[in-house]
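Student: What follows is a single structure, and I will ask about it in a moment.
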Amino acid sequence: MEEENTIEQQLKTTQKKFKKIDSGIIVKLGEVYDTLLNTLESSAHSATRSNLILYGLPGSGRKTAVKYAINNIYERKTMRLIPIWIDAGVFQTENEFALELVRQIKELVEDIKLSKNDIFDEGFTFKNIEGYLNSQDGTWVLIVDRIENLVSQKRQSVLYALLDWLQNNQNSLTLIGITSDLKFTEKLEKRVKSRFSADHLHFMGCELQDCVQLIKKRFEKIGDTESCEKLCKQLLVCFDSQGIQEQLDLSFVQLMKPISYIINVISTMLNFIESKELENKIKNRELSKYIQELLRKALDLHQPFTGLMYIENLSIAEKQILICVARMIQHQKYPITFSSIQNEIIQHRKGLQFGSQIYFTQKVLQKATENLIQLKILRLQDSEEGEANGKLEETKNIILLVDYQQLRTYLCDNASKLPEALKDLAEV
């Protein structure tokens, strides 16, 4: 009885703590993090700052990577960084963004009285900010999440003022912009673009080893801090099994799922475990198989496969879009957007002999993609408002909601029903 209660308590602790462990562990594994860290360090030690733009899906670890880099530098005492975090997506006007910047500077600079006009005049031109920043010992880092919202503002005045000031002054501030808009720089006005100099880092997808390390690091951290070390070690072994790694690869890596999604699925899997059944599986040495079954159950909950029932009745244009998405996943042609799908179809069409082509206009393909979104076969990442209005944004990342492996199996099993050009596109 005592052993059973111990396992039950260990399980409860593991279920409770897993999701709360810092999700930023994964960012230390990639070259992107190293580049970010090196850029911050070199920027702080040079007269001219190296500004950064971080691209990637929400939940891909961009903000956490910045936090880790800042903490890493601070802990090594190579310099003092003073971060200011602003989410540009929560403000309706440039004036509100400017006021938030002033507010945060006032909190960090002691014994000063600061108003918006002390930094901006009516045209949003920076004025006395240099003195305030230099009054503090350290390098300021302004992190602007959803920076693309400053591009949508009239005349992009705040962004222009900030970039103009950064370009023309010896300053102690580094700008880090975070965005999911892959065409962010293309939307800049000419005067803004002329003052914009930044390194570009892309947080795309996780490799299989990254997913496994992310999961295992969490179990290790729970085992180090709680009285459930034995259970965590047993669960750790499970994620070395070939079956589970194949599941992780198909469900997370090939579909480019962000870190937050991976954590939510594994957390759900843990919540499915019952202590008595867990004890029996451990005694019978069936723990890995048990965990694999629960992982599949958790994936079904987070990624329903019901969309496949609609495929038989899809139009040729809709099938072409869906097959193209599957093809791009197979060959890891990321990111997948409506624009990249169009380019893939165009390149495919060029390789076909004349007369065997199936040609659809951009308008037809756009409508086909919107229909697939309405059927919940595809989804636009981080674009709920656009989806609600029935709008398709060409640069938004497209996520496949149906099971990728089942889709590939369907295409192979039904190859004879596909038009000739679609057979070639699907590689079946």
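Student: Of a type outside the set (S, T, N, Q) and either at pLDDT 85 or above or over 21 Å from residue 36 (Cβ atoms) (or both): does that describe residue 166? Even if it seems obvious, please write down each step before you answer.
Tutor: Values: of a type outside the set (S, T, N, Q): yes; either at pLDDT 85 or above or over 21 Å from residue 36 (Cβ atoms) (or both): no.
Here the answer is no, as residue 166 does not meet what is asked.
Student: Within 21 Å of the chain's Cα centre (by Cα) and of a type outside the set (A, V, I, L, M): which single residue out of 241, 275, 260, 288 fits that description? Spell out how you get there, then give the answer.
Tutor: On the way: 241 fails: within 21 Å of the chain's Cα centre (by Cα); 275 fails: within 21 Å of the chain's Cα centre (by Cα); 288 fails: within 21 Å of the chain's Cα centre (by Cα).
That would be 260, the only listed residue that is within 21 Å of the chain's Cα centre (by Cα) and of a type outside the set (A, V, I, L, M).
Student: Mind checking which residues of region 258-291 are part of a helix (DSSP H, G or I), modelled with pLDDT under 90 and not polar (S, T, N, Q)?
Tutor: Residues satisfying the conditions are 259, 261, 262, 263.
Student: Got at least one residue in region 405-423 being at pLDDT 70 or above, under 30 Å from residue 180 (Cα atoms) and among the hydrophobic types (A, V, I, L, M, F, W, C)?
Tutor: yes
Student: Ok, one more. Can residue 141 be described as touching a helix residue (DSSP H, G or I) at 6+ places or on another chain (Cβ under 9 Å), under 16 Å from residue 84 (Cβ atoms) and at pLDDT below 85? Break it down stepwise before answering.
Tutor: On the way: touching a helix residue (DSSP H, G or I) at 6+ places or on another chain (Cβ under 9 Å): yes; under 16 Å from residue 84 (Cβ atoms): yes; at pLDDT below 85: no.
The answer is no for residue 141.
Student: I've got another one for you. Condition first: in a loop (DSSP other than H, G, I, E, B), at pLDDT 70 or above and surrounded by 12 or more Cβ atoms within 10 Å (Cβ to Cβ). Now tell me which residues in region 338-362 satisfy that. Quick ask: steps written out before the conclusion?
Tutor: In the first step, residues of region 338-362 are kept if they are in a loop (DSSP other than H, G, I, E, B); the result is 351-361.
Remaining after also requiring at pLDDT 70 or above: 359-361.
Matches in region 338-362: 360 only.
Student: Shifting gears a bit: Taking the conditions exactly as written (outside any helix (DSSP H, G or I) and either closer than 30 Å to residue 58 by Cβ or at pLDDT below 70 (or both)), does residue 365 satisfy them or not?
Tutor: Working: outside any helix (DSSP H, G or I): no; either closer than 30 Å to residue 58 by Cβ or at pLDDT below 70 (or both): yes.
Criteria not met by residue 365.
The values are calculated or read from the model by the stated rules, or taken from the named source; none is laboratory data. Remember, it's a predicted structure, so these values are computed and weren't measured experimentally. Please note: Cβ atoms are built from the backbone with ideal geometry, for glycine as well, and neighbour counts cover all protein chains shown.
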